[in-house]
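Since the structure comes first, as C-alpha cells, the remarks are kept for the end.
The values are calculated or read from the model by the stated rules, or taken from the named source; none is laboratory data. Fair warning: this is a prediction, and the values are worked out from it, not measured in the lab. Because the Cβ atoms are built from the backbone with ideal geometry, glycine has one as well, and the counts that use them run over all protein chains shown. To get the accessible areas, we keep the full protein, side chains included, count just its heavy atoms, and leave off ligands, DNA and RNA. Shrake-Rupley method; radii C 1.70, N 1.55, O 1.52, S 1.80 Å.
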Number of protein chains: 2
Amino acid sequence: MAIVVQKYGGTSVGTIDKIKNIAKRIAKRKKQGDDIVVVVSAMGKTTDILLEMANEISSNPDKRELDMLISTGEQVSIALLTIALKELGYDAISLTGPQAGIITVGFHTKARIDDIDIKNVKTNVGRGKIVVVAGFQGVDEEGNITTLGRGGSDTTAVALAAKLDAICEIYTDVDGIYTVDPRLFSTAKKLDNICYEEMVEMASLGAGVMETRSIEIAQRFNVPIYVALSSEEWPGTYIKEFDESMESKVITGLSVSDDDIMITINDVPNEIGNIAMVFEKLASNDINIDMISQTAPSRGYINISFTVPKSDKFLVDKVLEKIKNKLTGIEINIEEDITKLSVVGIGMKSQSGVAAKMFKIFADNKIEFKQVTTSEIRISYTINTNDKEKAVVAVAKEFNL
Amino acid sequence: MAIVVQKYGGTSVGTIDKIKNIAKRIAKRKKQGDDIVVVVSAMGKTTDILLEMANEISSNPDKRELDMLISTGEQVSIALLTIALKELGYDAISLTGPQAGIITVGFHTKARIDDIDIKNVKTNVGRGKIVVVAGFQGVDEEGNITTLGRGGSDTTAVALAAKLDAICEIYTDVDGIYTVDPRLFSTAKKLDNICYEEMVEMASLGAGVMETRSIEIAQRFNVPIYVALSSEEWPGTYIKEFDESMESKVITGLSVSDDDIMITINDVPNEIGNIAMVFEKLASNDINIDMISQTAPSRGYINISFTVPKSDKFLVDKVLEKIKNKLTGIEINIEEDITKLSVVGIGMKSQSGVAAKMFKIFADNKIEFKQVTTSEIRISYTINTNDKEKAVVAVAKEFNL
C-alpha cells in the first residue's frame with residue numbers, strides 16, 4: 001500500500017461544487033487502497049481578495065501580518081474539503097501548515113521549507129485517515145505563521161512526498177506538460193515523461209505549470225511527480241529521473257517567454273571594472289538579469305546586451321540613469337518587443353548539432369535573432385516578438401514536437 | 001502603567017473603515033501610556049458566511065473541521081487590525097488563540113478555556129507592542145484548533161485580563177448596561193455600575209450585552225469589566241465587585257425574555273418517580289428547563305408547569321409524545337406566547353418587600369402571571385406576551401428604573 005501526496009490548486013477548489021468533486025476523486029482513490037495525503041491551495045481568488053483588503057489599509061502592509069492574513073485562505077479550503085470527505089463517509093483530518101510540521105526559514109511571504117516534522121501527518125495516515133494539509137504555509141522557529149511565496153503549495157506537496165517517500169501528484173487546470181504551449185502551436189504533443197533537468201529548464205523559461213523550486217526539491221529527493229488535470233481522469237505527464245527510454249529525442253520541448261525586455265549599452269570604455277559596475281548596480285537593486293551577450297572590445301569600446309524582467313522596467317530605468325552619469329558617452333537602447341525562445345532536451349548532452357540546426361531554421365525563415373545563450377541541455381534565443389509565431393511553428397515542425 | 005484588555009466585537013470591525021477607526025482609538029489610548037492587549041472577533045457576518053459554506057457540503061459538518069474553518073474569521077481581523085496599527089506608526093503584533101496560549105478543554109465548537117500560557121502575550125507587551133489576539137479560539141492538548149462557542153470573544157478577553165491582572169473593556173454596539181432594555185422602555189436609565197451577581201442574573205435572563213459565562217469568569221477572578229460603545233467615546237457601565245455605594249437601590253434592573261415556551265402537564269398520578277421521569281427524559285435530550293412550578297397533590301394527581309427554550313420546541317414535542325405513552329391520562333398544554341419578566345437587585349438580599357410590591361403592581365394593572373420563581377437577588381414571573389409592555393412600564397416606573 002503506497003502513500004500518495006495529491007495537490008489541488010486554487011482553481012480546482014474554486015467553488016463548493018468543485019470541492020465536492022475533488023472529494024469524490026480522492027475517495028475513489030482511497031477506496032483503491034492507497035494512503036492519501038492531500039495538499040490544497042486557497043479557493044480561487046481568495047488570496048487576491050485578502051491582499052486587496054490589506055492594501056486598502058496600507059500601501060506597504062507588514063509582511064508577518066500578511067502571512068497571518070493570507071494563510072487563512074488555505075485553512076478554509078482544508079476544512080471544507082475534509083468536511084466533504086467525511087460527508088462521503090471517509091475518515092479525514094485537516095492540518096494547517098504549522099500542524100503538519102512544516103518548519104520554515106527566511107523572510108515572511110517568501111519563506112523556505114527548512115524541514116518537516118512529519119510525525120503528526122504519519123500518525124494520522126497510520127490511523128487510516130486521509131490527511132488534508134494546507135499548502136503554501138508553515139511556521140518559523142519563533143512560532144510565527146509563514147507563507148512560501150509563489151508556487152508554495154507545489155513545494156509543500158513535493159516536500160511532504162519527499163518525507164513520506166511518496167509519489168507526488170499535481171492536479172491542475174492543464175492536463176500535462178506539452179512540447180510547446182498549445183496556445184502557440186495547436187498540434188503540440190503532450191509528453192508522457194520529462195526528466196527533472198528538462199522540467200527545471202522548461203519551468204524557468206516560462207512553462208507555467210510548475211515553479212522551478214518545487215521541481216528542484218523533487219529532483220534532490222528523487223520524488224516522482226505526476227502532473228494531470230483535476231477535472232477529468234486523463235493521462236498526464238510524469239516528471240522523474242532520466243531513464244534510457246527517454247533518450248531517443250534530442251529536443252523535449254520548446255519554451256517561449258515574452259516577460260523580458262532587452263537593454264543594450266554601446267560604447268562602454270574598455271576599462272577594468274566598468275562592466276562589473278553595471279551589473280553590480282543592477283544586482284544591488286534586486287534586478288534579475290537573464291541573457292547576457294557581449295561583443296569583443298573594438299577600438300577600446302565594448303557593446304553589451306542583457307535581458308531583465310518587464311516588471312522591473314521602472315527600477316531598471318532609474319539604475320540606467322545612474323549608470324549614464326558614471327559612464328559618459330555610452331548609448332543605451334531598450335527593446336521591449338522581444339521574445340525568448342528556448343529549446344530544451346536532455347538529449348543535447350550527448351547529441352550535437354542542435355545549435356547548427358537552429359541557426360539554419362532561423363536563416364531559412366528569415367528570422368533575425370539578437371542573442372544566443374546555451375546550457376548543457378538548453379539553447380535560448382532572443383528574437384523580435386513579431387517573429388514569434390513563425391519561429392515557434394518552424395522549430396516545432398523541425399524537431400517534431 | 002496599567003495593562004488594559006480591550007475587546008471589539010464583530011460589528012465594530014465589520015468593514016475596513018471601521019478597522020481603521022478602531023486602530024485610531026487604540027493608538028490614542030496607547031499614547032496615553034497604557035499597555036494594551038486587544039481581542040477581536042471576526043468581521044461582521046464572516047462566521048455566518050463560513051458556516052453556510054460548510055452547510056452547503058454537509059447538513060452535519062464535522063465539528064473539529066468547523067473550528068478549523070470558522071477560526072479563520074478572527075485570524076483575518078487580527079491581521080488587518082495589526083496592519084492598521086502599524087500603518088499609524090505603532091508597534092503591534094497579532095496572535096491567534098493558539099499562539100496566545102489559550103488552552104481549552106471540552107468539545108469542539110463549544111470548548112472551555114482551561115488555562116492560558118500567558119508568556120507570549122507578556123513578552124510582546126514587555127517589548128512595547130500592542131498585542132492583538134484572536135478572540136473565540138484556542139488550542140486543545142492535542143494541538144487541534146478549538147472555538148469557544150457563543151460569547152467566546154468576551155470570554156477570551158476576560159480570561160486574558162484575569163491572567164494579566166488587567167481591566168477588561170468590552171466595546172460593542174450598545175453604550176452600556178441599562179436598567180431596562182431601552183427598546184421596551186424608552187426612558188430607561190444607563191447604569192454607571194452593576195455588580196457581578198446582578199449582571200450574571202441580567203445576562204442569563206436575556207440582557208444581550210454579554211454572555212453569562214464571561215461574567216462568571218470575571219467574578220471568579222475579580223476582573224473589572226467596562227462595557228461601552230465602540231464608535232463613540234461616551235461613558236459606559238462598570239461591572240465589578242459590589243461596593244457600598246451601590247447598595248441604595250433595591251432593584252438594579254429589569255430583564256424581559258420571549259425566548260421560552262411554557263409546558264403544563266396536568267393530572268400526573270402522584271406516584272414516586274413520575275415527575276422525576278419527566279425531567280429525566282427532558283434532561284437526557286439536552287433540553288434546558290428554566291422555571292418550574294408545581295401544585296400540591298390534589299385527589300392523587302399533580303399539575304406541573306415548566307418553561308423550555310423555543311428553539312427546542314421540535315425536540316420537546318417528541319419527548320412529550322414519549323411521556324404521554326408512559327403516563328396515560330395526563331393532559332399536556334403548550335403556551336407559546338409567554339414572556340419571562342425578572343427584576344434583579346443585590347439590594348433584595350437585605351431589603352424585603354420586593355415580591356409584595358410586584359404582586360401589587362400586577363394586581364393594580366390587572367396582569368395575570370402564571371409562574372413565579374425567586375433567587376436571592378431576583379424574582380421572575382411568567383406572563384402573557386400581550387401584557388409585556390404594560391408590565392414593563394409599570395414595574396420600571398414603580399422601581400424608578
**Prompt:** Angle between the Cα long axis of helix A:63-87 and the longest principal axis of chain A, 0 to 90 degrees, nearest 10?
**Reply:** 50 degrees
**Message:** Rounded, prolate or oblate, given the Cα gyration tensor of the protein assembly as shown, with a/c below 1.5 counting as rounded?
**Reply:** prolate
**Complete:** For A:Lys24, placing the label point 7 angstrom along Cα-to-beta-carbon and taking segment B:52-77, residues whose amide nitrogen sits under 13 Å are none
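Ignoring ligands, DNA and RNA, what percent of the 1.4 Å accessible area of the protein assembly as shown is carbon and sulfur?
Summing carbon and sulfur atoms, their accessible area is 48 percent of the total for the protein assembly as shown.
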**Prompt:** Helix A:212-221 versus the longest principal axis of chain A: what is the Cα-based angle in degrees, 0 to 90, to the nearest 10?
**Reply:** 60 degrees
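Of the DSSP beta bridges with both residues in chain A, give the percent that are antiparallel, rounding to the nearest 5.
60 percent
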**Asked** In nm, one decimal, shortest first: how far is the label point of A:Ile49 (7 Å from Cα along Cα to beta carbon) from the matching points in the other copies?
**Response** 0.5
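Determine the relative contact order of segment A:155-218: mean sequence separation of Cα pairs under 8 Å and six or more apart, normalised by residue count, in whole percent. Before the final figure, lay out the partial values.
Values: 48 pairs, mean separation 22.4, N = 64.
It rounds to 35 percent for segment A:155-218.
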**Asked** What GluC sites (Glu not before Pro) in segment B:199-241 are in a loop by DSSP, with at most 11 other Cβ atoms within 10 Å of the Cβ?
**Response** B:Glu232, B:Glu233
**Message:** Only Cα pairs within less than 10 Å get springs; with that Gaussian network setup on chain A, which residue of A:Leu95, A:Leu69, A:Leu191 has the largest fluctuation?
**Reply:** A:Leu69
**Asked** What accessible area, in Å² to the nearest ten, does a 1.4 Å probe give for B:Asp192?
**Response** 110 Å²
**Prompt:** Quick one: Cα centre-to-centre distance for segment A:1-67 and segment B:1-79, in angstrom?
**Reply:** 23 Å
**Asked** Most mobile of A:Gly44, A:Gly347, A:Gly33 per a Gaussian network model of chain A (Cα springs, under 10 Å)?
**Response** A:Gly33
**Item:** Copies compared at B:Gly273 - label distances in nm, ascending, label defined 7 Å from Cα in the Cβ direction
**Value:** 10.5
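For the interface of B with A, what's the total buried accessible surface in square angstrom, probe 1.4 angstrom, rounded to the nearest hundred?
Details: alone 19310 and 19310 Å², together 35560 Å².
That pair hides around 3100 Å² of surface in total.
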**Request:** Take every residue in peptide B:48-57, count the Cβ atoms of other chains within 10 Å of its Cβ, and give the average of those counts.
**Result:** 4
**Complete:** In segment A:1-42, the residues losing 50 Å² or more of accessible area (1.4 Å probe, heavy atoms of protein chains only) relative to their chain alone are A:Ile16
**Asked** Placing a label point 7 Å from Cα toward Cβ, how far apart in nm is A:Ala2 from its equivalents in the other copies, listed shortest first to one decimal?
**Response** 6.5
**Complete:** In the neighbourhood of A:Lys318 defined by beta carbon distances under 14 Å, the net charge of the other residues (Lys, Arg +1; Asp, Glu -1) is +1
**Prompt:** Mean separation of Cα pairs under 8 Å and 6+ residues apart, divided by the residue count of segment A:258-382: what relative contact order is that in percent?
**Reply:** 31 percent
**Request:** Please report which chain A residue places its beta carbon nearest the axis carrying chain A onto chain B, with the distance rounded to a whole angstrom.
**Result:** A:Thr72, 2
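Could you report chain A's accessible area per residue, 1.4 Å probe, as an integer in Å²?
That works out to 44 Å² for each residue.
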**Fill in**
Shape call for segment A:3-173, from the Cα gyration tensor axes a ≥ b ≥ c (a/c under 1.5 means rounded, otherwise prolate when a/b beats b/c, else oblate), comes out oblate
**Request:** Have a look at B:Thr72, B:Ile19, A:Thr82 and report the one farthest towards the positive end of the charge dipole of the protein assembly as shown, computed about the Cα centre with Cβ charges (Lys/Arg +1, Asp/Glu -1).
**Result:** B:Ile19
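Share of antiparallel DSSP beta bridges in segment A:165-246, in percent to the nearest 5?
35 percent
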**Fill in**
The alpha-carbon center of segment A:326-401 and that of segment B:285-361 are separated, in whole Å, by 88 Å
**Stretch gain in nm, segment B:Ser231-B:Thr123, where the contour uses 0.36 nm per residue and the Cα spacing is subtracted** = 35.9 nm
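Under 8 Å for C-alpha pairs, at least 6 residues apart: give me the relative contact order for segment A:23-110, rounded to a whole percent.
35 percent
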**Complete:** Nearest 10, in degrees from 0 to 90: the angle of helix B:16-31 to the longest Cα principal axis of chain B is 70 degrees
**Prompt:** So if we plug the beta-carbon distance of B:Ile49 and A:Ser284 into 1/(1 + (r/R0)^6) with R0 = 41 Å, what FRET efficiency do we get, rounded to 0.05?
**Reply:** 0.35
**Asked** Hey, if you put +1 on the Cβ of every Lys and Arg and -1 on every Asp and Glu Cβ in the protein assembly as shown, which of A:Ile93, B:Val256, A:Gln6 ends up farthest toward the positive end of that dipole?
**Response** B:Val256
**Request:** Quick one: among B:Gln137, B:Gln32, B:Gln75, which has the greatest mean-square fluctuation in a GNM of chain B with alpha-carbon springs under 10 angstrom?
**Result:** B:Gln32
**Item:** By average C-beta atoms within 10 angstrom, highest first, the peptides A:275-288, B:96-109, B:55-68, B:366-379
**Value:** B:96-109, B:55-68, B:366-379, A:275-288
